[in-house]
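The values are calculated or read from the model by the stated rules, or taken from the named source; none is laboratory data. These figures come from a predicted structure and were not determined experimentally. Glycine gets a Cβ as well: all are built from the backbone with ideal geometry, and neighbour counts include every protein chain shown. Just the protein is used for accessible areas: all its heavy atoms, side chains included, with ligands, DNA and RNA removed. Shrake-Rupley method; radii C 1.70, N 1.55, O 1.52, S 1.80 Å.
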Amino acid sequence: MLERLEELRHEGLTAVEASNSEDELREIEVRLLGRKGALTDLLKSLGTLPKEDRPAAGQAANRVKQEIAAQIEVARGKLHAFNLATDLAGDGLDATLPGPKPPAGGLHPLGQIARELEDVFQSMGFRIADGPEVELEDNNFDALNIPADHPARESHDTIWVTPEGDGRGKGKGVCMRTHTSCVQIRALREHGAPLRVVAPGRVFRQETPDPTHDHTFHQMEGLVVDKGVGVHHLLHAMNTLLEGVFGRKVETRLRPGFFPFVEPGFELDARCPFCKTGCRVCKQSTWIELMPGGMIHPNVLRACDIDPDVYSGYAFGLGLSRMVMLRYGIDDIRWLLSGDLRFLEQFRA
Amino acid sequence: MKISLNWVGDFVDISDLSAERIAELLSLHTAEVEGIETVGDAIADVVVAQVVSCDPHPDADKLSVTSVEYGAAEPAQVVCGASNVRKGLKIAFAPVKACLPGDFKIKKAKLRGVTSCGMICSERELELSEEHAGILELPDDAVVGTRLVDHLGLSDSVLDLDNKSLTHRPDLWGHYGFARELAAILNRELIPLPVLEAWPEGSTDLAIELADTQGCPAYFGLAVDLQDGPKAAPALIQERLLAIGQRPVNDLVDLTNYVLQEIGQPTHAFDLDKLSSSDIVVRLAKQGESLTTLDDENRELDARDLVIADKSAAIALAGVMGGAATEVGDSTTRILLESAVFHPVRTRRTSQRTALRSEASMRFEKSLDPNLAEQALRRFAYLLLNARPDARLHGAPASAGLAVAPETILALCPERTARLLGMDLSVSDVAQSLERLGFQVEPQGRLLSVQVPTWRSTKDVTTEVDLIEEVGRLQGYDQIQATPIQAPIVAPPRDPRRQLEHRLTQRLAGVHHCFESQSYSFLDDVWLERLSLPLSDFVVLDNPISDSMRLVRRDPVPSLLEQAHANLRERPSGQLFEFAKGYEPAVDGAAPIERRWLCVVAWAPVQKNESPLQSLFAHSRSMVEDVMATAGLSPHFEPADSVLAWAHPRLHMAARAHRGPEAARLGSFAALHPHLADDLGFDGYQVVVSLLDMSAIYEASKSAKPSFRSPSRLPGIKVDVALALPASLSYAEVEIEVRRAGGKLLDSLELFDLFEGGTLEPGQRSLAFRAVLRAPDRTLVEKDEQKFIKKVTQAAERLGGSLRG
């Protein structure tokens, strides 16, 4: 009995020693320690021994069983460590493999920039206003001090809904708005003075599309009316705004510009962000024309029942389409309204 | 508008300033300078050369093979086709690699088998004149190898002004206006324009009649005799015109152009001998009348057009262009020089009707200073008499009407000026700025009384703020210190509609993987017809950009479908969404009615054996539900009752704010009708369109209150039941019954499987639900589960089906 035990012990430990895979260990476990294993069989046959020998033989058999089991665990641990080391050193792990493409959506760059600017303006106390894209002639022209015979009203600039004759030219027509400036009128008439408002939206012109022009483009109108408002305030607001957009101080300058609804009127230029000595974008001038603006014409205030002797104000128009193109270096304005996913996919945010 | 700095220099001393500095001064104080050209840049590569040999081409009668000495080590062999090419001639030569006007690069070439290295140029090729009969012949003393521009003495800088920045300034349509601006900006002397001060004694037999004094308030006609016909204009005149891109013609034409470019007043020379009378009338065109203009176009006139006419016919289209029949020609010896005041808007209309935008009409439409009409004749006479001793004036010009500039005197408050500009200005700063620009300023108490000069009073300066701008721009806007506005801090009211849209935008892009798009507002009839949409439902544009953009969208469905279609080739599946305004025609000519929409268009290839639970339509429903939930709504869905021609007859669901016929409709989603999908080019694709009414969603969301349900601490039991039911029953019908069976204990219910066939009887389908049962106050036991299963079984049987276990 004891010899048989010693035999099995030797056989087990030798096999464990010689094994080098989980499968082999498993096989030894089953062969010796399993329900039908040799050692189990031996334990079962204890009953054939004389009564007084049974405890000692039982203890010896259990010791051998535990010893082999322990050795199997030790071998397993070594094997596991070895396998892990092999894995870690091996070629099986290619960290450079690409991942699956996550499902993605995206925000239109025009929407993104409008929302960003709305945030900047709201932090400066501006409310956001809205107005229709199909607009009354009075709001688009008359109230903005654009005279009845002004060329801008004519068909080669403005897209009309109302046929010629039909009250058109007398403030009674309906047109696709040519600028967001008409929201000035709506906001001033609705809220009166003092007021701070911005109004983003699309506008329409009779324009043959090319890389830098489209018949539909986006603007954001801004306006402040209060007592004692001057050009220095306009300049400050524009500088703050550009700082918000570009994330740093931007050098600016005002030049004379003419728009019937402001006087004096300006063009605001910013230092070209792309060069120091002149490039294609700034037409070699180192300045980029960014936004028109000016002091609201007294006639506009009057048209909105605001006394120009008490209140003054400034207004400006931001070219959102242009800002987007400048920010991302988009080479053709027609991408913006193309709906082409190859374009849209580039703007995640 | 091009401005020669040499020319401006006649009237103000700018010799110490670079062209760049002048351009900057004008940009900052007056109008936008878009570019600076150095005259001769386009022909900078052309050199003076000499033909050292000239032989006939062996293979071509009209060509010569020459050898040209041009200052290089070796002479160049050049094939030339001009008849005046000959040995010894000094010529203008463009060697290989030189660039000629029009970006024309000279390359080595073979002409009829003979190599030609360079080009001998004509005047036209050099853009010096229209002359193209032969090559340009240079004088014998021209030095071979020198640059042609140096030889010709072309050294001038030309500023290119943005015309759009000049539209409100009638005084800036000539060089003198810019001289006046620069004199004011630099505070330098403005030299008066030399003119013929006194008309000679004598009389003219011209008689002028004005039949329309609104259209032409004043007309001057100066008769001039010349012994000889037209000649070449003096070199200086030609050079100046060339510098600003005007080709010299002859002295009579050149001088009218010169005066126009100098002071902005157009004049026109008629050949007096070609007129049928010396009576001139300015009248409206007659019905059916026509006129052949100088450009040899025969133009039908409109009864609203103003013409200049002699006794028999129209001889010029007033303010726009002269007639061909009375044009000055080689034999002209008597001219009638016209200078007049024409109505700005009417001139523009005529110019538009005839599609003729001339240098003259461009200026008349700006409301020119009426005083310029006679001034232009005096300047012309001064220049002509200097250039042509044979010219004789008959006396003062004949005239009709009155050239009167509006007299404008404005009150200006210096204190308001400083406040509005945000500048520190004294009264004398204000007064002096204006005086430098030619305004007359008188103090009047605390105010200034300002008389506007005639060249600014026609339309540009009419109110106090116009004067404030003059002060500001002359002082320089760079003097302004940016200053924050001082006002009470008031939090601006937020627009809840906009906030809702922003939230939904984030949700659609972030959770539903949609791309925010922008599509055009204008629609094509053809596309709408393919979508079976009635064109009469749309707002029609009177003057669309093109016929394919005639209608205004009611909602973004057609335009997003178009975008989806355009994407198919590169992106076989995708989702686009847009928040957009749509317009519907109103009755009685009122402004169109506006609605705000959210539209999502999703597309993907048709999948074989796809579970309806995984279809694009099912996904779209989940998306719509989630959008609604984001707005705080849990709407009721029902099959849409409206018959949309483009929508699938069955896969079309509407969302209402709640159950019941009076509940507001929030929107709908539908698969594209399979017939239509093929027509539209979507064959092989499933397309689902969701169109949500943002006004209705916003209104409904206002009454939605944020709510919270405390999660239960007691465990629930999961029960899966599968029911075999007639396939004709809709899920919605079954769901109601299962929910009823669950009663108060039903915590959640989810359909997790759906199939037909297999062991099922024909006409049946299996719906597998996972229910969670839970009570707020006790732990559920097996009895509860059995009770639920029993009730579900009874419900299934009532519906004509059975429990599958």
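Details
- The simple Förster model, with R0 at 35 Å and r as the Cβ-Cβ distance, assigns B:Tyr698 and A:Arg342 a FRET efficiency of 0.55.
- On Cα atoms only, tilt of A:231-246 relative to the major axis of chain A in degrees: 20 degrees
- Each listed q (0.06, 0.10, 0.11 Å⁻¹) maps to a log10 I(q)/I(0) for chain B from the Debye sum over equal C-alpha point scatterers, namely -0.70, -1.12, -1.22.
- Averaging the sequence gap over all C-alpha pairs within less than 8 Å and six or more residues apart, then dividing by the number of residues, gives the stretch A:209-349 a relative contact order of 31 percent.
- Per residue of B:420-431, other chain Cβ atoms within 10 Å of the residue Cβ number 2 on average.
- Label-to-label distance, A:Lys249 versus B:Arg21, with points set 7 angstrom from Cα along the beta-carbon direction: 2.8 nm.
- Accessible carbon and sulfur surface of the protein assembly as shown relative to its total accessible area, %, 1.4 Å: 50 percent
- With distances taken between every two different alpha-carbon atoms, the protein assembly as shown has a Kirkwood hydrodynamic radius of 37.8 Å.
- Selection among A:Ala57, A:Ala69, A:Leu13 by position relative to the dipole of the stretch A:2-89 gives A:Ala57 as farthest towards the positive end (Cβ unit charges, Cα centre).
- All-pairs alpha carbon distance profile, the stretch A:234-349, 5 Å steps from 0, percent: 2, 10, 17, 18, 16, 14, 10, 7, 4, 1, 0
- Added length on full extension, which subtracts the Cα-Cα distance from 0.36 nm per residue, B:Lys608 to B:Thr793: 63.3 nm
- The stretch A:2-89: equivalent-ellipsoid semi-axes (sqrt of 5 x gyration tensor eigenvalues, Cα, Å): 31, 11, 9
- Nearest-20 debye value, the stretch A:116-219 charge dipole, Cβ charges on Lys, Arg, Asp, Glu: 380 debye
- Principal-axis tilt of helix B:251-263 within chain B, Cα atoms, nearest 10 degrees: 60 degrees
- Of the residues B:Ala741, B:Met694, B:Pro762, the one whose Cα sits farthest toward the positive end of the charge dipole of the stretch B:689-805, with +1 on the Cβ of Lys and Arg and -1 on the Cβ of Asp and Glu, is B:Ala741.
- B/A buried area, accessible surface, summed, 1.4 Å probe, Å²: 6700 Å²
- Legend: residues in the stretch A:207-233 shielded by at least 40 square angstrom of accessible surface upon adding the remaining protein chains to the isolated chain (1.4 Å probe, heavy atoms) are A:His215, A:Val231, A:His232, A:His233.
- Considering only alpha-carbon pairs that sit under 8 angstrom and 6 or more positions apart, the relative contact order computed for chain B is 8 percent.
- Burial of 40 Å² or greater, the stretch B:458-476 residues [accessible area, probe 1.4 Å, versus chain by itself]: B:Val465, B:Glu469
- R0 of 25 Å, Cβ-Cβ distance B:Thr483-B:Ala411: FRET efficiency to nearest 0.05: 0.35
- Dipole in debye (nearest 20) - the stretch A:2-89, about Cα centre, beta carbon charges: Lys, Arg +1; Asp, Glu -1: 400 debye
- Placing +1 on the Cβ of every Lys and Arg and -1 on the Cβ of every Asp and Glu, with no other charges, gives the protein assembly as shown a dipole of roughly 5160 debye about its Cα centre.
- The residues of the protein assembly as shown expose, per residue, 47 Å² of accessible area to a 1.4 Å probe.
- Helical content alone sets the calculated 222 nm signal of the protein assembly as shown at -9000 deg cm²/dmol, taking -39,500 (n - 2.57) per DSSP H segment of four or more residues and averaging over every residue.
- Computed over Cα pairs, the Kirkwood radius of chain A leads via Stokes-Einstein (0.692 mPa s, 37 °C) to a diffusion coefficient of 122 µm² per second.
- Note on B:Lys581: accessible area is roughly 10 Å² with a 1.4 Å probe, heavy atoms of protein only.
- Each residue, B:Glu584 and B:Asp225, gets one label point 7 Å from its Cα in the Cβ direction; the gap between the two is 8.0 nm.
- Computed over chain A, relative contact order equals 15 percent, with contacts defined as Cα pairs under 8 Å that lie 6+ residues apart.
- Comparing the stretch A:63-175 with the 2.2 N^0.38 Å rule of thumb, its C-alpha radius of gyration ratio is 2.84 (two decimals).
- Selection from A:Asn140, A:His80, A:Pro102, by position along the positive dipole direction of the stretch A:71-182 (Cβ): A:His80
- A viscosity of 1.567 mPa s and a temperature of 4 °C, combined with the Kirkwood radius over Cα pairs in Stokes-Einstein, give a translational diffusion coefficient for the stretch B:586-655 of 87 µm²/s.
- Highest to lowest packing among B:331-339, B:314-322, A:313-321, scored as the average C-beta count within 10 Å: B:314-322, A:313-321, B:331-339
- Between 0 and 90 degrees, the angle of helix B:372-387 with respect to the longest Cα principal axis of chain B falls at about 40 degrees.
- A:Ala104-A:Val74 FRET efficiency (beta carbon distance; Förster radius 45 Å; 0.05 resolution): 0.30
- Extension gain for B:Leu751-B:Asp537 works out to 72.9 nm (0.36 nm per residue, less the C-alpha to C-alpha distance).
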